[in-house]
Amino acid sequence: MPMNAVISDTASILALLRAKAPRVQCLTNTVAQQITANVLLAVGARVSMATHPEEVVDMTATADALLINLGTIDAARIAAIPRLLSDTRVLGLPRVLDPVFVEHSALRFELAESIIAAGGPLIVKGNAAELAALALPADAVRVETGATDHIRRGTQHVVISNGHRWMADVTGLGCALGGLIAGCRAVEPDPIKAATAAVLAFGVAGEVAASGSSGPGSFASAFIDAIAGLDEQNLCRTSRVAAGR
């Protein structure tokens, strides 16, 4: 995938987010809720974070995409996930799974496996250890985050080398990427393009934010400003994208 095409697609997807304002239902962990909501609002999306088992299906069925993040798992989300997976309206939605620390918890592993087994359009975002712990179907899009990010499906492979070390020092920022991927997928039917756009925008915003920050504290607020103001000029100047092998 040529870099110019990736930059153009990313700029177009960000513009669509602002124009269409999709609602992303985030069944996410408690430490990531605020920053996930702030990132999605900054790019023009709308957010809901219903967790109660008695309302979560209705709230999700009318959303445009779904994020399921398995960090800080609690009783409400344990009860909510099977209900979501049994509803055909939900299974038709673009879904993003973030299997946080799935390799350390039998409970999280079982929940992740049930989400994967449900089928339907799925993007799985995690680090190398989390993704290695799961048996993912061939048609799932894998977003492997790290010092270098890899987006893969079958023979498709995009490598992104943007980002800044302070991103790892802001609580919940990595989880917020899952929300942005879901937002991009809500307006872009190609899951590879959607995931690539989200990861690239996130990494470039991190570098832009770091350039005017003195440390992780000022960086956290600067990141929201940076991703809100991200445009094709920023992307052209900063992006480092390559085709993987």
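Nothing in this text is a laboratory measurement; each read-out follows from the coordinates by a stated rule. What you are looking at is a predicted structure, and each value in this text was computed from that prediction instead of being measured. Every residue, glycine as well, gets a Cβ built from its backbone with ideal geometry; the counts of neighbours run over all protein chains shown.
Apply the Karplus curve 6.51 cos²θ - 1.76 cosθ + 1.60, θ = phi - 60°, to the phi angles in the range 146-157 and return the couplings in whole Hz, x for Gly and Pro.
Values, residue by residue: x, 4, 10, 9, 10, 10, 9, 7, x, 8, 7, 8 Hz.
If a/c stays under 1.5 just call it rounded; otherwise compare a/b with b/c (prolate if a/b is bigger, oblate if not). Do that for the range 1-78, with a ≥ b ≥ c from the square roots of the Cα gyration tensor eigenvalues.
It comes out prolate by the Cα gyration axes.
For SER214 and SER86, what is the calculated FRET efficiency with R₀ set at 41 Å and r taken between the beta-carbons, to the nearest 0.05?
Efficiency computed from Cβ-Cβ geometry: 0.25.
Net charge within 15 Å of VAL208 by Cβ-Cβ distance, Lys/Arg positive one each and Asp/Glu negative one each, not counting VAL208 itself?
-1
I want the antiparallel fraction of DSSP beta bridges within the chain, as a percent rounded to 5.
If I count the DSSP bridges inside the chain, around 40 percent turn out antiparallel.
Let's test this: bin the Cα-Cα distances of the range 58-185 at 10 Å from zero up to the farthest pair and state each bin's percent.
Per 10 Å bin, starting at zero, the Cα-Cα P(r) for the range 58-185 comes out as 12, 45, 34, 8, 0 percent.
So how far apart, in nm, are the two label points at ASP231 and ASN4 if each is 7 Å from Cα heading toward Cβ?
With each label placed 7 Å out from Cα toward Cβ, I get 2.1 nm.
Could you compute Rg(Cα) / (2.2 N^0.38 Å) for the chain, with N its residue count?
So the chain has a normalised radius of gyration of 0.93.
Which length gain, in nm to one decimal place, applies between SER12 and ASP58 when the Cα-Cα distance is subtracted from 0.36 nm times their residue separation?
13.5 nm
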